[in-house]
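**Student:** Attaching a single structure in structure tokens format; questions to follow.
The values are calculated or read from the model by the stated rules, or taken from the named source; none is laboratory data. Source: prediction; values computed, not measured. Using ideal geometry, Cβ is built from the backbone for each residue, glycine included, and neighbour counts are taken over all protein chains shown. The area values use the complete protein model at the heavy-atom level, side chains included, leaving out ligands, DNA and RNA. Shrake-Rupley method; radii C 1.70, N 1.55, O 1.52, S 1.80 Å.
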Amino acid sequence: MSDKLKKFFQKKKADVKFKRAGPGHRLNEGATTAKTVAKPGETSRACRVEPTDEAKQAAAAALARFESKKTTTGPLNISLAAIKSRARKEMEAERKNVDQNIDTFTYSEEENTSAEVPSQLATSGIFFQCPMIGLEVLPQEEWHVKIEEFIKEQMKDDPILQSILLIQNCNHNRTKVEECIKLLVTYAENIIRNKDEEKYRKVRLTNKTFVEKVLPIKGAIEFLESIGFVRKRLMYQEQEEDFLVFPEECLCNLASVQSTVDDLQSAERIQLVLDRNAQVLLPSQASKQVSLPPEFFIVSTAEIKAEHQKRTERLESEMILKTKNMRMKEQNRYKSNYKYCLIRVKFPDCLILQGTFSVNEHLSDVLEFVKESVFDEERPFKLILSSGSTFGNEHENMTLSELNLVPTTVLLFTNDPPENNEEHPYLKDELMALVQ
């Protein structure tokens, strides 16, 4: 990658680290400041570390999403005593009815394959962050628009790098992007290897291959123009047509063309990071919000419905003939329908923490999410399946799909009680504020 392209990404990554570092301090400020010291045996909230700007931004975004969905059911209830009291009452009522059990929170495929999106969604959608651009939390489609605007603004004075970044970041069918890049490289290398042959310096814009593989890709035409191609009207089969032509006077810049082609093939992409879209639910909310939005699926809901119908028709015969290995293969095919999964963690105080994950993320990512959410991050904890099964160290590097946690699951949080037996909420204040 060229030095300029490397410097661009290095600068943006440095900006991200700077944003995450939090507020700065003057060098002449006193090194020691008065701190509130907790007495032995006490848990003091005053000694907690101030959240970073990124954490505050994520919490603010979660609150904003919550406010946008909130109806006129009353003000936000953040009284810890009221929240815990209500959660306990709901769990007591739930235990009296064995037919209602949130531990069996599962995705009903048939229910969610209808044409209309269910009103009681477990989550409002899939959201992302883009640290290289900003700390906003947005749907993927909105980020695509912002990334394109960002590239055009940041690289308006460098058409070569602008076109490279547009190609790599603003076209979302990677197969078509790779095919386009391969063809652009072929155009350039044909000129470099055969600079004395005029036919390699002309590309007809109505050529079928060009129309199918280059024209639809954002930034592709701009890339060819940035390395020297110009538009011209030339005779072709006794009529004028539009061509891109590499002028003879540009043949002295072939070393620069080769360098630009190398940059195109090695350029980094601006990465989106899946936002956990953390929510804290009461038992009654968790039992109602069980439907997954369409963004969770790789295939369309119509295709899933058709597949479900086929399996239903074959069910009777397959129940007789299927071996255990065959059943496992079918389960894996079913799980491959999903891109994301929803993990719920139920705490002893009856509150439920919910987060969104990619099916290819690991159990260690779930453990880290829970650790960052709890009030006491230093105290060891375990996550247990509702069946009683536990996870060992060997499971931490396994994907959620491999652990059969897709598309949804409920895990139980357990840890040792504090030594002083002082009661406190399990989740951090900013998450407790999300409880309605």
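**Student:** Express the accessible area of the stretch 171-230 per residue in Å², computed with a 1.4 Å probe while the remaining protein chains stay in the model.
**Tutor:** I get 55 Å² per residue for the stretch 171-230.
**Student:** Related question: Whole angstrom only: what separates the Cα centroid of the stretch 360-433 from the Cα centroid of the stretch 191-218?
**Tutor:** About 55 Å separates the Cα centre of the stretch 360-433 from the one of the stretch 191-218.
**Student:** In whole Å, largest first, what are the principal axis extents of the Cα atoms in the stretch 335-436?
**Tutor:** 46, 32, 22
**Student:** Once both labels are modelled 7 Å past Cα along the beta-carbon direction, what's the Leu251-Asp158 spacing in nm?
**Tutor:** The two pseudo-label positions are separated by 3.0 nm.
**Student:** Separate question: Considering only the other residues whose Cβ falls under 14 Å of the Cβ of Lys176, what net charge follows from Lys and Arg at +1 and Asp and Glu at -1?
**Tutor:** Numbers: positive: Arg174, Lys182, Lys213, Lys218; negative: Glu178, Glu179, Glu212.
In short, +1.
**Student:** Would you please put 174-180, 238-244, 276-282 in order of how densely packed they are, using the mean number of other Cβ atoms within 10 angstrom per residue and starting with the highest? Spell out each step's value before the answer.
**Tutor:** On the way: 174-180: 14.7, 238-244: 12.6, 276-282: 21.3.
Taking the mean over residues of other Cβ atoms within 10 Å, the ranking is 276-282, 174-180, 238-244.
**Student:** May I ask you to list the residues of the stretch 182-213 whose amide nitrogen lies under 15 Å from a point 7 Å from Cα along the Cα→beta-carbon direction of Gln265?
**Tutor:** In the stretch 182-213, the label zone of Gln265 (backbone N under 15 Å from the point 7 Å along Cα→Cβ) covers 182-193.
**Student:** Let me ask you something else. Of Glu361, Glu249, which has the most accessible area with a 1.4 Å probe, and how do the rest follow in descending order? Don't skip to the end; give the middle numbers.
**Tutor:** Working: Glu361 35, Glu249 135 Å².
If we order Glu361, Glu249 from most to least accessible, we get Glu249, Glu361.
**Student:** Efficiency by 1/(1 + (r/R0)^6): what FRET value for Lys232 and Glu142, r their Cβ-Cβ distance, R0 = 30 Å, to the nearest 0.05?
**Tutor:** Numbers: r = 39 Å, r/R0 = 1.31.
The value I calculate is 0.15.
**Student:** Largest first and to the nearest Å, give the Cα extent of the stretch 143-256 along each principal axis.
**Tutor:** 46, 30, 22
**Student:** Additional query: Ordered by packing density, taken as the mean number of other Cβ atoms within 10 Å over each peptide's residues, highest first, how do 128-140, 250-262 rank?
**Tutor:** Details: 128-140: 17.8, 250-262: 15.2.
Final packing ranking: 128-140, 250-262.
**Student:** Something else now. Of Asn171, Phe243, Leu215, which is farthest along the charge dipole of the stretch 151-303 in the positive direction, counting Lys and Arg as +1 and Asp and Glu as -1 at C-beta?
**Tutor:** Projecting each Cα onto the dipole axis, the largest value belongs to Asn171.
**Student:** Now for a different question. Accessible area of the stretch 182-295 with a 1.4 Å probe: how many percent of it is carbon plus sulfur?
**Tutor:** Numbers: 2760 of 6130 Å².
Using a 1.4 Å probe with all protein chains present, the stretch 182-295 comes out at 45 percent carbon and sulfur.
**Student:** Which order do Met398, Met235, Met432 take by accessible area at a 1.4 Å probe, largest first?
**Tutor:** Numbers: Met398 55, Met235 125, Met432 5 Å².
Result, largest first: Met235, Met398, Met432.
**Student:** Compute the Rg to Rh ratio over the stretch 202-291 from the alpha carbon atoms, using the Kirkwood formula for Rh, and round to two decimal places. Write out the running numbers ahead of the final one.
**Tutor:** On the way: Rg = 24.1 Å, Rh = 17.5 Å.
That ratio equals 1.37.
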